[in-house]
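Reading through the structure tokens given below for one structure.
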Amino acid sequence: MSPRTRFVPTQIRAYDKTSLAEAAALIRAGEPVAVPTETVYGLAADATSEAAVAQIYAAKGRPSFNPLIVHVADVAMARRLVAFNPAAEALASAFWPGPLTMVLPRLPDCPVAKLASAGLPTLAVRLPSHPAMRALIAAAGVPLAAPSANRSGAISPTRASHVQASLGGRIPFILDAGPTSEGVESTVVRPGEDAVALLRPGPITAERIAAACALPVVRPQGEGISAPGQMASHYAPSKPLRLDCAQPVDGQFHIGFGPGPCQRNLSSRGDLVEAAANLFAALHEADASHFTGITVAPIPQEGIGIAINDRLRRAAV
């Protein structure tokens, strides 16, 4: 049976030494495994194997022109894959390990599968901080390609149960280490000599990036897809989603922010960091409810609120 049509029983195992060893063995056998990061759960596979990377695309139904993020165990592993410039050095020093992905030129002898970078001359790399993902990379002994562990275009998973609901029967193993902490995907940047291109907003804000490398941060316009998270429609529930609704609407699941009536509040005290951590879980709950649609309260366009609004706008397309 081809990777595109295969169905497999999916195990969910609590994260410990035994389950980590099982997950690493599956990675070495060319299988994809769902694993938590500090941002969302990722669907990880051996980034150096074209066949293993193809399993990620097949399980997610992901278009092959959409590149993946490759996760590394340390900066030394990243240096074997991509070329660092001074801005990249400064950003790695400031934010790694953590929720920052950098798109950098592939080295001529980069061992990562071309499919992982969608045939582009660049590669998206990240050094995660979550102990489960760090341990899995070390145990597998290879960099891991890992997009979010959900069907392409759907709501990102912040819990193992979200992964099971989306990819159950398509992947063999989910490593469960509880809810993720950040709640939205990593910030993606392309460091240059004169500026840093912000390709996807995330937990690391543009202001912090600019301060760390002493360069302006710009938002490219009109580019093709050069990094994950740039597709116009993404992170979407199955129900209609309306944004900037200050009040609940009859028959709609209302996701609130700050004080006020709602079915689920991202943060009753108006904390944007708390709201980001709760965003995708709230969307999953709303999508599974009996309501016919979803409304979301206005979210301030500042700090990590910029990343929240980016995900909501793409989800509402």
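Where a number appears in this text, it was derived from the coordinates with a stated rule and is not lab data. Owing to the predicted nature of the structure, the values given are computational and were not obtained by experimental measurement. As a convention, Cβ positions derive from the backbone with ideal geometry for all residues, glycine included, and neighbour counts pool all protein chains shown.
Below are the figures for this structure:
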item: Calculated P(r) tail over 15 Å for segment 90-191, as whole % of Cα pairs; result: 69 percent
item: Efficiency of FRET between residue 247 and residue 218 - r from beta-carbon atoms, R0 35 angstrom, step 0.05; result: 0.45
item: Rounded, prolate or oblate (a/c below 1.5 giving rounded, otherwise prolate when a/b exceeds b/c) for the chain by Cα gyration tensor; result: oblate
item: Positive-end residue, segment 223-317 charge dipole about Cα centroid, Cβ charges, pick of 280, 238, 256; result: 238
item: Long-range amide H partners of residue 11 with built H, under 5 Å; result: 173, 174
item: Extension gain from residue 225 to residue 268, taking 0.36 nm per residue of separation minus the Cα-Cα distance; result: 11.9 nm
item: With at most 14 other Cβ atoms within 10 Å, longest stretch of the chain clear of loop GluC sites (Glu not before Pro) (DSSP); result: 1-192
item: Between segment 283-317 and segment 118-164, the alpha-carbon center distance in angstrom; result: 23 Å
item: The chain, helix-only ellipticity at 222 nm - DSSP H runs n ≥ 4, -39,500 (n - 2.57), divided by all residues, nearest 500; result: -8500 deg cm²/dmol
item: Under DSSP loop assignment and at most 15 Cβ neighbours within 10 Å, longest chymotrypsin sites (Phe, Trp or Tyr not before Pro)-free interval of the chain; result: 66-317
item: 5 angstrom amide H check on residue 236, placed H, neighbours 5+ away; result: 154, 155
